[in-house]
Amino acid sequence: MALEMKNVTKEFKVRSGTRTRKLVAVNDVSFVLEPGKTVALVGESGSGKSTIAKMLLRLENPTRGKISVDGIEAGGYGSSLKKYRHLVQMVFQDPFASLNPFHTIGHHIERPLRIHRKATTSREAADQVEELLARVNLEPAADMARRRPHELSGGQRQRVAIARALAPGAKYLIADEPVSMLDVSIRLSVLNLLARLQREENLGVLYITHDLATARHFSDEIMVMYKGSIVERGPSDEVILNPQHDYTKLLLDAAPVPSNHGVLRQAVKDEMAQEKRS
Amino acid sequence: MSSTEPIQAPLSTPDHEDYLREQTPVLSAKHMSIEYEVNPPVHAVRDVSLVLNRGEILGLAGESGCGKTTLAYGINRLLNPPARLKSGEVTLHDSDGEDIDVTALAGDALRAYRWDKVSMVFQGAMNALNPVISVKAQLFDVFSTHRPGMSRREMKKASQELLEQVGVDPTRLNSFAHELSGGMRQRVMIAMALALRPQVMIMDEPTTALDVVVQRGILREIMRLREQLNFAVVFITHDLPMLLEISDRIAIMRDGQILEINTSQNIFENPQHEYTKKLLRSFPSLLGERGGFVRSGDDDHASTPASSQTAAKVEGGTHGS
């Protein structure tokens, strides 16, 4: 019982003029996401994090390798794809772009309920919408369901996105930078909400981010990605406090450390003094 | 909104005063109030006074909507209706000893002031370049407006130097914005802000949306240029850990007011205002103990004492596996 990626490789064809060359976006990646566990995927932009997310959601097909959920291989179309999508859902990065401004919040959550046949009558759908909204702390739910996205704050919108992902009864959530567009003061509450839902439903969460600090505190395991390959993985504390790979060390060095005031200034001054001497 | 809340002077500690006495101010804003004249009116900035010293990095931190950007626009006279400066004055203490009353500037004088004395790196600098003209044309634009006497050859030389200074290959001068990576676009924006050697640079979230490695490179570049050219920076962001690391002083803003202003060391070690403490707490520490902040599933993490959170974590952990 797990979401599994086995030796997955994704290649893109890049054209320049008349020539084409292969770009290996994801190179032989394998991992297992178990229910109740959070796995963080960190790496710089362009390292292939989002390509993995897209493949897990079947928005892209892997060039080689297998993706399976609970032992069933993910199909590319038809009923097997539908079954797969019951179980695996996505929370997108930008809550300002991922909700349709034309539709009400209720509509956004009702659609997946209908498509995945969780609700067949309007009555049922409305009840379930309210229940889902209440679960992500958007209350009063009936009032929220009537609103449109522009009436909500960023944090509230992201909660709607989470409710929408849970609507089909998903067991695995792919969260692609779910809080990077949000204000710092509400980031934690959204992450905590995800953690609570995870505990209640035994969800498996793939948390894609480049913020190492939240990755450490919100996940059981961290995988570090660099140029399409996973270069380091392990329990989160282990990876952060005892990094092995050079790239992990580079990432850690680049993360701001608040107690270091003046250190960077001194480093820059020293560097310049040295340049002057040589 | 607590706009009825009485306005208080920002909190600070006595050694902040001592610090200020050793510095020379380059820009001072007094009792600035900015209002968005909509119905009902929004008081975006309320009675803010701020002094910026020569060669210093002043961090301006606060959540979105607290008035950081509006304040920056007010200082640079960039407010557009419905925003309006209701009261207050901004003075630039020019390097040649003259004081310029910024709020009274108009027409050509204002044009000469902007970018030449105070320049700005705009929010979302990634997308602030014009996509249909080359980087070269945009840099030349700055020179032809403010330095009309320059020949094209001089402009080209100056532009190449600028790009080199910010760490972009000068041969990229003829590139268009879409041909550059996010980090490079950001560097070009900084080069453009540096073009006229301003005394003050206002940077509005210059590194958000960039990944940490690129961000670090750009911060280093800014620090380096600051040492070389001795300009002052107003650094606007909501990333408090980063501010603590790079800036000399930090002002914490909420609801259009500055709640606390102090040296970064004092803000970190001895915060005075409750809100500052809350902000400091809302950043999980990368290398520190797990105690202060954990995945509790609790919404009001800030009010729970660390010990009970740890208990919640243990409980959550056993359930999870």
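Computed from the coordinates by the stated procedures, all read-outs in this text should not be read as laboratory data. These numbers come from a predicted model, not from an experiment. Reconstructed Cβ throughout: ideal geometry from the backbone, glycine too, with neighbour counts over all protein chains shown.
Here are the numbers for the structure shown:
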| item | result |
| --- | --- |
| Rounded Å value of the spacing that divides the Cα centres of the stretch B:69-101 and the stretch B:237-262 | 20 |
| Gyration tensor (Cα) of the stretch B:134-197, equivalent ellipsoid semi-axes in angstrom | 19, 11, 10 |
| Cut-off under 5 Å, modelled amide H: who pairs with A:E232 long-range | A:V224 |
| For the stretch B:173-250, alpha-carbon Rg and Dmax in angstrom | 12.6, 38 |
| Cut-off under 5 Å, modelled amide H: who pairs with B:L60 long-range | B:F235, B:I236, B:T237, B:A251 |
| Chain B: radius of gyration over Cα atoms, expressed as a fraction of 2.2 N^0.38 Å | 1.09 |
| Sites A:S122 and A:L81, calculated FRET efficiency, Cβ-Cβ separation with R0 35 Å, nearest 0.05 | 0.80 |
| Virtual spin-label span in nm between A:H245 and B:R111, 7 Å along Cα→Cβ | 5.5 |
| From phi via Karplus (6.51, -1.76, 1.60), per-residue ³J(HN,Hα) for the stretch B:12-26 in Hz, x at Gly/Pro | 6, 10, x, 5, 5, 4, 4, 4, 5, 4, 7, 10, 10, x, 10 |
| Sequence-distant residues sharing a close amide H with B:N53 (under 5 Å, placed H) | B:V26 |
| Kirkwood estimate for the stretch B:12-122, i.e. one over the average of 1/r between Cα atoms, Å | 15.1 |
| Stokes-Einstein D in µm²/s, Kirkwood radius over Cα pairs - the stretch B:82-201 at 37 °C with 0.692 mPa s viscosity | 211 |
| Most mobile of B:M189, B:M155, B:M120 in a GNM of chain B (Cα contacts under 10 Å) | B:M155 |
| Rounded D (µm²/s) - the stretch A:100-177, Kirkwood Rh over Cα pairs, Stokes-Einstein at 25 °C, 0.890 mPa s | 198 |
| Charge dipole (the stretch B:38-178, unit charges on Cβ, about Cα centre) - positive-most of B:A177, B:L50, B:A158 | B:A177 |
| Stokes-Einstein translational diffusion, the stretch B:148-294 - Kirkwood Rh over all Cα pairs, 0.890 mPa s, 25 °C, in µm²/s | 140 |
| Packing-based exposure ordering (other Cβ within 10 Å, fewest first) of B:D211, B:D101 | B:D101, B:D211 |
| B:R153-B:S95 pseudo-label distance in nm [points 7 Å out on the Cα-to-Cβ vector] | 2.7 |
| Backbone N under 13 Å from the B:A137 label point (7 Å along Cα→Cβ), restricted to the stretch B:152-184 | B:174-178 |
| Highest-MSF residue in chain A out of A:S68, A:S50, A:S80 [GNM, Cα springs under 10 Å] | A:S80 |
| The protein assembly as shown - share of DSSP beta bridges that are antiparallel (%, nearest 5) | 55 |
| Kirkwood Rh in Å, taken over the stretch A:3-256 so that all alpha-carbon pairs contribute | 19.1 |
| Potential extension, A:S45-A:D143 segment - 0.36 nm per residue separation minus Cα distance | 31.4 nm |
| Residue among A:A163, A:A125, A:A254 with the largest mean-square fluctuation in a Gaussian network model of chain A, springs linking Cα atoms under 10 Å | A:A254 |
| Residue-by-residue Karplus 3J(HN,Hα) for the stretch A:113-130, coefficients 6.51, -1.76, 1.60, Hz, glycine and proline x | 4, 5, 4, 8, 6, 7, 9, 10, 9, 4, 4, 4, 4, 4, 4, 5, 4, 5 |
| Förster radius 35 Å - calculated FRET efficiency between B:E274 and B:T24, Cβ distance, rounded to 0.05 | 0.60 |
| Rg over Rh [alpha-carbon atoms, Kirkwood Rh] for the protein assembly as shown | 0.98 |
| Furthest towards positive pole of dipole, B:M32, A:S79, B:V212, structure part the protein assembly as shown, Cβ charges | A:S79 |
| Lys, Arg +1 and Asp, Glu -1 on Cβ, resulting dipole of the protein assembly as shown about Cα centre, debye, nearest 20 | 2580 |
| Rg/Rh (Cα only; Kirkwood hydrodynamic radius) as it applies to the stretch A:119-257 | 1.05 |
| Dipole magnitude (debye, nearest 20) for chain B, charges at Cβ of Lys, Arg, Asp, Glu | 1060 |
| Charge dipole magnitude, Cβ of K and R +1, D and E -1 - the stretch B:81-188, Cα centre, debye nearest 20 | 540 |
| Ranking of B:L286, B:L163, A:L57 by count of other Cβ atoms within 10 Å, fewest first | A:L57, B:L286, B:L163 |
